[in-house]
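The values are calculated or read from the model by the stated rules, or taken from the named source; none is laboratory data. Here the structure is a predicted model, which means the values were calculated and not measured. Backbone-built Cβ (ideal geometry, glycine too); neighbour counts: all protein chains shown.
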Amino acid sequence: FVDDARMRVSFTSQVEVTYHSGFPELITCFLSFSSRCLKIPLYNISITNCLLTELDLTHLSQSPKICQLKGLNLSGVTLTNFCPKLIQGLLEKVADTLEELNLNLCGITDSLLTALVPALSCCSQLRVFSICGNLISMAVLQSLLRHTDGLSALRLEFYPAPRESYSSLGILNQERLAQLKAELWQLLTDLGHPRKIWISPSPCPYCGEDWSSTTHLCHGWELICTFL
């Protein structure tokens, strides 16, 4: 157990890391320790709003204690420049047990998400998936929805408004967003499986909050679902 004004690390059968500023080496030490010395399986890991290195992710993916992992939350951790194979390896390691995956505000790009799709498609127990606050194109979002259509356990999905919803200055075009949502609804209908999907821009045009700070679904969220 590590506790100071900036960081808290605790672990039993769950792990939660809350990091605000300073001492990123504490996270590296903790992940290294858990991969080598922890005697109990880890069921939930939450490491949010902090700086992780590729070495940190390597420690995490190599830990034998994540073989029963059910929840992984890396929201606010920038993954933009990470080697996709590291993240792929982590997802493949927990593919048989992972039920909830949160990658909100991780700086995920089209190329990174495309590289992760095969690993995501293998997460057969996944029930909740969220990648809000990332800049993803309509084409890649549609591809993701097609590839995850075979995940029968998936019950709740949260996605960002497609990149094409914004102008070159980053201003949300509500009319264009409505058109894209209609296209996504048609895609889901064509795929033919019941799904519950929430779409919202970030920050929300109604409350001004982004996914990292809001704890509720306000008017900026729109449910796109099909019940067949």
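Worth pointing out:
- Filtered residues of the stretch 91-134 (kept if without any contact (Cβ under 8 Å) to a residue 60 or more places away in the chain and of a type in the set (S, T, N, Q)): 97, 102, 109, 111, 114, 121, 124, 125, 134
- Test: residue 69 is modelled with pLDDT of 90 or more and touching a strand residue (DSSP E or B) at 6+ places or on another chain (Cβ under 7 Å): yes
- Condition met for residue 114 (within 23 Å of residue 144 (Cα to Cα), part of a loop (DSSP other than H, G, I, E, B) and not hydrophobic (A, V, I, L, M, F, W, C)): no
- Search result, residues across the stretch 102-111 that are out of contact with any helix residue (DSSP H, G or I) (no Cβ under 6 Å at 6 or more places or on another chain) and surrounded by fewer than 21 Cβ atoms within 10 Å (Cβ to Cβ): 107, 109, 111
- Checklist (1) surrounded by fewer than 17 Cβ atoms within 10 Å (Cβ to Cβ); (2) assigned to a helix (DSSP H, G or I); (3) at pLDDT 55 or above applied to residue 40, failing item: (2)
- Within the stretch 61-86, being closer than 18 Å to residue 42 by Cβ and part of a loop (DSSP other than H, G, I, E, B) holds for 63, 67, 68, 69, 70, 74, 75, 77.
- Residue match in the stretch 81-93 (condition: among the acidic types (Asp, Glu) and under 22 Å from residue 53 (Cα atoms)): yes
- Residue in the stretch 142-168 that is farthest from residue 106 (Cα to Cα), counting only those that are out of contact with any strand residue (DSSP E or B) (no Cβ under 9 Å at 6 or more places or on another chain) and assigned to a loop (DSSP other than H, G, I, E, B): 152
- Taking the stretch 80-98 as the range and being surrounded by 20 or more Cβ atoms within 10 Å (Cβ to Cβ) and closer than 16 Å to residue 131 by Cα as the test, the residues that pass are 87, 91, 98.
- Qualifying residue in the stretch 19-32 (condition: at pLDDT 95 or above, among the acidic types (Asp, Glu) and either on the phi < 0 side of the Ramachandran plot or not in a loop (DSSP other than H, G, I, E, B) (or both)): no
- Applying the set (1) among the hydroxyl-bearing types (Ser, Thr, Tyr); (2) modelled with pLDDT under 95; (3) assigned to a loop (DSSP other than H, G, I, E, B); (4) surrounded by fewer than 17 Cβ atoms within 10 Å (Cβ to Cβ) to residue 124 leaves exactly one unmet item: (2).
- Residues being in contact with a Gly (Cβ under 9 Å, 6 or more places away or on another chain) and surrounded by fewer than 20 Cβ atoms within 10 Å (Cβ to Cβ) are entirely absent from the stretch 157-174.
- In the stretch 73-115, the residues that are touching a Ser or Thr at 6+ places or on another chain (Cβ under 6 Å) and among the basic types (Lys, Arg): 93
- Selection count where residues are outside any helix (DSSP H, G or I) and among the charged types (D, E, K, R), scope the stretch 87-104: 3
- Qualifying positions in the stretch 135-167 - more than 25 Å from residue 125 (Cα to Cα) and under 15 Å from the mean Cα position of the chain (by Cα): 135, 161
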